[in-house]
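Below: one structure, written as structure tokens.
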Amino acid sequence: MLEKKDFKKQSQKVIDWIDSFYKELKSLPVKSQVKPKEIYNLIPSEIPTEGESLDVILKDTTDIILPGITHWQHPNFHAYFPANSSIESLFAEMITTALGAQCMIWETSPAAAELEERMMEWMRDAMGLPSSWEGVIQDTASTATLCAIISARERTTNFTSNEEGVPPNLRIYCSTQTHSSIEKGVVIAGIGRKNLIKIGVDEQQRLSPTLLKEQIEKDIENQLKPCCVIVALGTTSTVAIDELTEISSICQQHNIWLHIDAAYAGTALFLPEYRWMMDGGEQADSFVFNPHKWLFTNFDCTAYYVKDATHLIKTFEILPEYLKTKTRGLVNDYRDWGVPLGRRFRALKLWFVMRSYGLKGIQQKLRKHIELNKYLSDKIKKHPKLELVQEPFLNFTCLRYIGDNNQTLDMLNQNNEHIIEVINKSGKAFLSHTVVNGKYVIRVVIGQTYVEQEDVEDLYACLIEHLPNN
Ligand SMILES: *Cc1c(COP(=O)(O)O)cnc(C)c1O
């Protein structure tokens, strides 16, 4: 058991551990290679009776835990979307943990509430989002989208669902490409999976405004109640950007809540050259993006914005006697802005990152990732046995092996699946896949904070090395 007086001396060991982890990271397998229950079986079945030393615990962290970690901070982690981190974010988390504040209301740490308010303004303004929007930090985009769906439900039912239960005729719309968190949110909100209508997409995997309009009109005719439309700026499968102008005007015409899920690609709004993604989105009711994906701020940290915070607060407000305060109404009590009562002090890491990088530093880093992606996709484009399945966008490339062009779709699909499998097994890189129009394709996202060109060269070499018959 450590005492406070031991802190300085003992902490050096932890810092050294992290330092050597950072130094060795590139040589570790990106995707953990362990078998199910391998780690579990290495951990004693009972709590130790006597306390153990930090040295022993750190050694076991190296020997037992590290092999079971998939290294999201490895520069050749290219699967899913990144969850990147930075030294600044790590330092802030250390201080957050030292402070150990539980930030449910303003009084339980005024600095946490007020820094959060400022950080949400900094990001809103740096991203060119409407200046009247207000924001709150949530744990994940899934939770933020759940909040959007529940707020939409309350607004559509004149705030009666919280009291009386959910009417059975509410309808939620999204495209066939939107994230699974929407279906989960609809289910949790009590709206029912059958009332989530997935609208078809165009060639570029974008929600079709025409099909949406038809569906909404048909539903209204059938006495159903359109409640919320959820669009994606950057779908999970192929980073498709739903076109907002027409969808937004349909929503306004029928007074439907419009929620924008920009979980991953939203970060690109820090770059003026990508602001077009939000064209038509100014009238949206809510918007979510994840600094914990591509803004060098470690998981978890989600930014949720709303056009009118009163809807959010009216939906989630609670006021038991023991939480009544004199400052109510003068300050933001964020427990009323989401699901949990207790809240972590997440604004501090955003503050550390945004101050240390500055807007310029953030933009440089994002542009660097985008350029590295272009560098990779140019190489792929030139390779006779590979093809780009769609134009590379942001730091995302979607490709597949085509061989000599004489194989059936099934054979190619199997080949591509096999390529990913062997690369992931090699430990050199971690890739994931998606299916686009029946084609099994390889997704590559280049988004680890400290990724360099040589890492991308390593990835390309690894890819070529693992092509069939090569
Ligand atoms: C990652 C992602 C989510 C889910 O994010 P969490 O923060 O893990 O809940 C939702 N939507 C999109 C488009 C995403 O890319």
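Ranked by the mean number of other Cβ atoms within 10 Å of their residues, highest first, the peptides 233-239, 93-99 fall in the order 233-239, 93-99. Dividing the convex hull volume of the alpha-carbon atoms in region 101-344 by its residue count gives 119 Å³ per residue.
Distance from the alpha carbon centroid of region 256-305 to that of region 37-115 works out to 26 angstrom.
The trypsin sites (Lys or Arg not before Pro) of region 19-50 that meet both conditions, a loop assignment by DSSP and at most 14 other Cβ atoms within 10 Å of the site Cβ, are K37. Taken along the Cα-to-beta-carbon direction at a fixed 7 Å, the label points for I318 and E107 span 1.7 nm.
Our coupling estimate for region 456-462, obtained by passing each phi through the Karplus curve with A = 6.51, B = -1.76, C = 1.60 and θ = phi - 60°, is 5, 4, 4, 4, 4, 4, 5 Hz, Gly and Pro reported as x. Please report the spacing between the Cα centers of region 344-358 and region 179-216 in Å, no decimals. Comparing the Cα centres of region 344-358 and region 179-216, I get a distance of 34 Å. Relative protection proxy for 46-56, 377-387, from highest mean packing down: 377-387, 46-56 (other beta-carbon atoms within 10 angstrom). Placing pseudo-labels 7 Å out from each Cα toward the beta carbon at K360 and D202 gives an inter-label distance of 3.9 nm.
When the trypsin sites (Lys or Arg not before Pro) in region 392-470 are filtered for DSSP coil states and for at most 16 other beta-carbon atoms within 10 Å of their beta-carbon, no site remains. Ranked by the mean number of other Cβ atoms within 10 Å of their residues, highest first, the peptides 262-273, 241-252, 309-320, 107-118 fall in the order 262-273, 241-252, 107-118, 309-320.
Here D410 and Y22 are evaluated by their C-beta separation; at R0 = 45 Å the FRET efficiency comes out at 0.55. Helices in the chain, meaning DSSP H runs of at least 4 residues, each add -39500 (n - 2.57). Divided by all residues, the mean residue ellipticity at 222 nm is -13000 deg cm²/dmol.
At full extension, V422 and R193 could sit 78.7 nm farther apart than now, given 0.36 nm per residue minus the alpha carbon distance. In this simple spin-label approximation, K37 and S11 carry label points 7 Å from Cα along the Cα→Cβ vector, and these lie 4.2 nm apart.
A short reminder: the numbers here are calculations on the coordinates, not readings from a lab. All of these numbers come straight from a predicted model, not from anything done at the bench. Because the Cβ atoms are built from the backbone with ideal geometry, glycine has one as well, and the counts that use them run over all protein chains shown.
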